[in-house]
Amino acid sequence: MVTQQQPIPYPFPPSRLEVHPRYGELRDLPLARVRLPYGEGAWLVTRHADVKTVLADPRFSLAAAVGRDQPRLRSMTRDGGGLFSKEPPEHTRLRSLVAKEFGARRVEGLRIRAREVADGLLDAMEAKGAPADLVDDFAIPLPTTIICELLGVPGADHRRLWGWAQSVLSNTSSEQELMTRGKELFGYLAGVLELRRREPGDDVLSGLVQACDEDEQITETELLALTSDLLIAGFVSTTNQIGNFFYQLLADPADLVRLRDNPEAIPKAVEELMRYVPLLVGFTLPRYATEDVELGGVLIRSGDAVLVATAAANRDPEIFPDPERLVLDRPVNPHVGFGHGVHYCIGAHLARLELQVALERVLHRMPGLRFAVPEDELSWKTDAMIIGLNALPVSW
């Protein structure tokens, strides 16, 4: 049984939307030892079955990471305030307060509104004329507007929120900058919560304020952390994936034409794009083994840190036939793009809807969509935990 290996520097440098070939090599090993720029070493899990085990098995704990020298991409460690640092029963208590608002039925009721927002943004793009930036003009404001309306946050502030999110997710921000920007964000959110106290509405934050003040189901500290989690997670990933999805389709116009001419295929295509298009650059919340666990023939000792590579799991040939090929009508697609287990993305239904609407409306309104600059001139983020374009100039 394997217990140690020489640690490999991690993460592997991304190249646009390519999944680094090293992941394929590591799937042939039981597990790999890696070391990130900061913190202690960790086991890296790349196989689909093993990734699902780590994400679902309570012996691998997110909460146990609090107070540890966590493997991480920057100097600061995360605290234990929000959903991403808690396990049941605390996680269950907090998640249950908002789960209904992000359920499939509630989210499906937002589809008409999402189409209205998307069409309004496309109207503005057409009025301004080509070329337009599909990131700044569409991918940022679409999910930000929807999550702000759902939560009860002023939609006019979406540019400020995007700026805060960029700083929070940057790998190059100094510790002082992160603290300053984090303080600004939490100060802003505290003001929004006070507004919802004075002027409650039919929105998520009004319900959470009531749960805090009247029902005592959540503390003030938890309320602020949960609000931050829901807001930032509610638009950052989707914004980047909208840009990434359109880049992927524009780079292979045959796929774009296929979806344009067969819009009923978009829901299944979104699932395949979620599988195929990587989103995270080595950014994964470490879990710690709470007891000795054997995984993939490797003994993980109690107290060992474990990281999962969902991009590698989503290319596992044991699960996905021809995994290196984008198959928009892939019949069976158990990808882990939204996670797995009790920490499965609470906003998965909302993200799916927004991605579907984005593809549907852009391809319908702009059937001649194409790159407005040579592909090799596109600018990609190089200092962020999330893969995405700085801009996507398009014509139509």
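Summary table below
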read-out: Set G187, G234, G201: member being assigned to a helix (DSSP H, G or I) and either out of contact with any Pro (no Cβ under 9 Å at 6 or more places or on another chain) or open to solvent by 30 Å² or more (accessible area, probe 1.4 Å) (or both); value: G187
read-out: Set R361, R370, R330: member being touching an Asp or Glu at 6+ places or on another chain (Cβ under 7 Å), more than 16 Å from N314 (Cβ to Cβ) and in contact (Cβ under 8 Å) with a residue 40 or more places away in the chain; value: R361
read-out: Residue count, the stretch 3-50 (criterion: without any contact (Cβ under 8 Å) to a residue 60 or more places away in the chain and of a type in the set (S, T, Y)); value: 2
read-out: Residues of the stretch 21-56 classified as under 13 Å from A313 (Cα atoms) and open to solvent by less than 60 Å² (accessible area, probe 1.4 Å), total; value: 14
read-out: Residue among Q217, Q248 that alone is surrounded by fewer than 19 Cβ atoms within 10 Å (Cβ to Cβ) and part of a helix (DSSP H, G or I); value: Q248
read-out: Counted residues, the stretch 59-72 - those being in contact (Cβ under 8 Å) with a residue 40 or more places away in the chain and open to solvent by 50 Å² or more (accessible area, probe 1.4 Å); value: 2
read-out: Within the stretch 317-359, considering residues that are in a loop (DSSP other than H, G, I, E, B) and of a type in the set (K, R), the one most open to solvent (accessible area, probe 1.4 Å); value: R325
read-out: Whichever residue in the stretch 376-391 is modelled with pLDDT under 90 and part of a loop (DSSP other than H, G, I, E, B) and, among such residues, is least open to solvent (accessible area, probe 1.4 Å); value: M385
read-out: Test set (1) over 15 Å from A165 (Cβ atoms); (2) at pLDDT 95 or above; (3) of a type in the set (S, T, N, Q) - T221 fails condition number; value: (2)
read-out: Checklist (1) within 20 Å of G243 (Cα to Cα); (2) buried (at least 16 other Cβ atoms within 10 Å of the Cβ); (3) not hydrophobic (A, V, I, L, M, F, W, C) applied to R160, failing item; value: (2)
read-out: Residue check, R115 touching a strand residue (DSSP E or B) at 6+ places or on another chain (Cβ under 6 Å), among the charged types (D, E, K, R), open to solvent by 70 Å² or more (accessible area, probe 1.4 Å) and in contact (Cβ under 8 Å) with a residue 40 or more places away in the chain; value: no
read-out: Residue ID - nearest to E18 (Cα to Cα), chosen from residues in the stretch 281-298 that are in a loop (DSSP other than H, G, I, E, B) and open to solvent by less than 30 Å² (accessible area, probe 1.4 Å); value: V281
read-out: Residue count, the stretch 299-314 (criterion: open to solvent by less than 10 Å² (accessible area, probe 1.4 Å) and assigned to a loop (DSSP other than H, G, I, E, B)); value: 2
read-out: Conditions (1) modelled with pLDDT of 95 or more; (2) β-branched (V, I, T); (3) open to solvent by 10 Å² or more (accessible area, probe 1.4 Å): number failed by I242; value: (3)
read-out: Single unsatisfied condition, E126 versus (1) farther than 25 Å from W164 by Cα; (2) assigned to a loop (DSSP other than H, G, I, E, B); value: (2)
read-out: A225 small (G, A, S) and over 26 Å from P14 (Cβ atoms); value: yes
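Per-residue answers, yes or no, for (1) open to solvent by less than 60 Å² (accessible area, probe 1.4 Å); (2) over 27 Å from A391 (Cβ atoms):
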{"site": "R74", "(1), (2)": "yes, no"}
{"site": "E90", "(1), (2)": "no, yes"}
{"site": "L110", "(1), (2)": "yes, yes"}
{"site": "D123", "(1), (2)": "no, no"}
{"site": "E126", "(1), (2)": "no, no"}
{"site": "V135", "(1), (2)": "yes, no"}
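Matching residues to (1) closer than 23 Å to K381 by Cβ; (2) basic (K, R):
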site	(1), (2)
R95	no, yes
V98	no, no
E101	no, no
R105	no, yes
G120	no, no
P131	yes, no
V135	yes, no
I140	yes, no
I147	yes, no
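The values are calculated or read from the model by the stated rules, or taken from the named source; none is laboratory data. What you see is a predicted model, and the numbers here were worked out from it, not measured in a lab. Neighbour counts run over all protein chains shown; Cβ positions are idealised from the backbone, glycine included. To get the accessible areas, we keep the full protein, side chains included, count just its heavy atoms, and leave off ligands, DNA and RNA. Shrake-Rupley method; radii C 1.70, N 1.55, O 1.52, S 1.80 Å.
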